[in-house]
């Protein structure tokens, strides 16, 4: 190999190394930019959704949103860490990048950003649409048999004016029967003479159910169950009105499924 060929070969190797370095830098910069984009989306979404001052620090905004948002509550520690990481990645107001996040970190913050900015709607993912309801004039025997046949333990009870008056809950009905028997009553009397509306008028109130509009997200439904331990059912109607036709229903039994939906989103 003559001197000229040797120089050409060394030049080619040098160029290949430079191209490889440029390619690596591009990937690293892409990771940083992806992280910052997701971070900014999260920051903007939290502050605008909950009417927080835009100048508020990210960590403070996250801590305030914990009680309001299931996703923020679940990823609170991660988000606080990402706030510190953001400051390590950039320098100054011009977002000059001085560090690069790991792929796993970028993918996780992007997932959190998706959950907050474009969360899955409950009606499309988890709500049961074949809603089984009970007329308020039904006897306890009829309602118990319906629960046994359907396998559903929480049935909305509507009156003749098509207004919900409560939720027929299997456990609560069993408790009522037990108290009736302890007081000296006969099982047949309870089952055939007591109407479901009679029982609900004594033990039921609006803490056990809530109406929401068709745009409610899975995260928002989970937050409702988290905030109210007595909640038995969430009923979806078009505008969230109690007199509208129910489009879907979710109960406490759906919480695990909702968690899985968010985990895999």
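Throughout, read-outs are computed from the coordinates displayed, never taken from laboratory work. Bear in mind the structure is a predicted one, so any value in this text is a computation, not a measurement. Here the Cβ is made from the backbone with ideal geometry for all residues, glycine too, and neighbour counts use every protein chain on show.
Just to verify a number: FRET efficiency for residue 160 and residue 263, C-beta to C-beta distance, R0 = 35 Å, to 0.05?
0.20
Determine the shape class of region 124-263: with a ≥ b ≥ c the square roots of the Cα gyration tensor eigenvalues, call it rounded for a/c under 1.5, and otherwise prolate if a/b is greater than b/c, oblate otherwise.
Cα axes put region 124-263 in the prolate bin.
For region 81-186, what log10 I(q)/I(0) values come out of the Debye formula at q = 0.15, 0.16, 0.23 1/Å, with one point per alpha carbon and no solvent?
For region 81-186, the Cα-only Debye profile gives -0.77, -0.84, -1.22.
Quote the FRET efficiency, to the nearest 0.05, computed for residue 51 versus residue 103 with a Förster distance R0 of 30 Å and r equal to the Cβ-Cβ distance.
Efficiency computed from Cβ-Cβ geometry: 0.30.
Using 1/(1 + (r/R0)^6) with R0 = 51 angstrom and r between the beta carbons of residue 175 and residue 84, what's the FRET efficiency to the nearest 0.05?
FRET efficiency, residue 175 to residue 84: 0.55.
Calculate the spin-label point distance for residue 230 paired with residue 73, positioning each point 7 Å from the Cα along the beta-carbon direction, and give it in nanometres.
Each label point is offset 7 Å from its Cα along the Cβ direction, giving 1.8 nm.
Given points 7 Å out from each Cα along the Cα-Cβ axis, report the residue 186 to residue 130 separation in nanometres with one decimal.
Here the modelled spin labels are 3.8 nm apart.
Just grab the label-to-label distance for residue 96 and residue 64, each label 7 Å out from Cα along the Cβ direction, in nm (one decimal).
Once both label points are built, they end up 3.2 nm from each other.
Suppose we keep just the alpha-carbon trace of region 98-139; what are its Rg and Dmax in angstrom?
My reading of the Cα-based Rg and Dmax gives 20.9, 71 Å.
How do the peptides 142-154, 111-123, 224-236 rank, highest first, by the average count of neighbouring beta carbon atoms within 10 Å per residue?
Order by mean packing, descending: 111-123, 224-236, 142-154.
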